[in-house]
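To start, the structure under review is shown below, and the notes come after it.
Since every read-out is calculated from the coordinates, none of them should be taken as a lab result. As the structure is a prediction and not an experimental result, all values here were calculated from the model. Positions of Cβ are backbone-derived with ideal geometry, glycine not excepted, and every protein chain shown enters the neighbour counts.
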Amino acid sequence: MPLAVAEEIALVLKSRLEAMIGDSLTYPTDVMEVIRPTRMGDFTPADRQVVLVQGQPEIVPELSHPGNPPATAYRQTYQIRCHIMGSERNPEVIDTVINQFHADVVKAVYGDGNVWHTMDDNAIDAEFRSPEYVTADGGLDGVNVPIAITFRTDEGDPTSVRA
């Protein structure tokens, strides 16, 4: 059974982010896990955790195409939430840790760099949006790295990728 294109893209993103786990030579941030939460949220925030969630899709009429069948263009935003819960005795400057985490996430999503934006031939474009830094005195710190990915599907079949 084919998956919706938005789900295929989420799986590509998750796979690229999971490349950060255990690869301290390429990514200085020691990521513990990458998760996509269930409806009940079944996870506990943890240090160096990445949580990938999907936002609301929007139809992009100017990128849709007439034809037989017509193609509908969507722009789907994914939130890459990076959690940091270090010890209060940790001497690292929290802004330095957050900046590195952000940089490592962008680097992981880019992957080889040449065709990163196609998300394994599922999309026509991708762009990072402005990062949102979270700092909380003694609580959860981190950064949300939004990425907007544009793709097309057959008008009547959201599992069918269109160029």
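Sorting check: for 145-155, 33-43, which peptide has the highest mean count of neighbouring beta carbons within 10 Å, and how do the rest follow?
Ranked from most to least packed, the peptides come out as 145-155, 33-43.
What ranking, highest mean first, results for peptides 66-73, 55-62 when packing means the other Cβ atoms within 10 Å averaged over each residue?
Per-residue mean Cβ counts within 10 Å order the peptides as 66-73, 55-62.
Which entry is the computed mean projected area of the Cα convex hull in nm² for this structure: (1) 24.7; (2) 10.9; (3) 12.6?
Correct label, based on the coordinates given: (2).
May I ask you to list the residues of the stretch 19-51 whose amide nitrogen lies under 13 Å from a point 7 Å from Cα along the Cα→beta-carbon direction of ASP120?
19
Report the label-to-label distance for SER24 and ILE59 in nanometres (one decimal), using points 7 Å from each Cα along the Cα→Cβ vector.
Here the answer is 5.1 nm between the modelled labels.
Taking only DSSP H segments of four or more residues, each worth -39500 (n - 2.57), what value at 222 nm results for the chain once the sum is divided by all its residues, to the nearest 500 deg cm²/dmol?
Numbers: 2 runs with 31 residues, N = 163.
Value at 222 nm, helices only: -6500 deg cm²/dmol.
Any idea how far the Cα center of the stretch 64-81 sits from the one of the stretch 91-114, in Å?
28
Using the alpha-carbon atoms, what tilt in degrees (0 to 90, nearest 10) does helix 94-110 show relative to the longest principal axis of the chain?
Here the helix axis deviates by roughly 30 degrees.
Please work out the FRET efficiency for the pair LEU3 and VAL93, using the Cβ-Cβ distance as r and a Förster radius of 35 Å; give the result to the nearest 0.05. All intermediate terms of the calculation are to be shown ahead of the outcome.
On the way: r = 42 Å, r/R0 = 1.19.
My answer for the efficiency is 0.25.
Determine, from the Cβ-Cβ distance of THR44 and ARG129 and an R0 of 45 Å, the FRET efficiency 1/(1 + (r/R0)^6), rounded to the nearest 0.05.
My answer for the efficiency is 0.95.
I'd like the orientation of helix 5-18 relative to the chain: the angle between its Cα long axis and the longest Cα principal axis, in ° from 0 to 90, rounded to 10.
30
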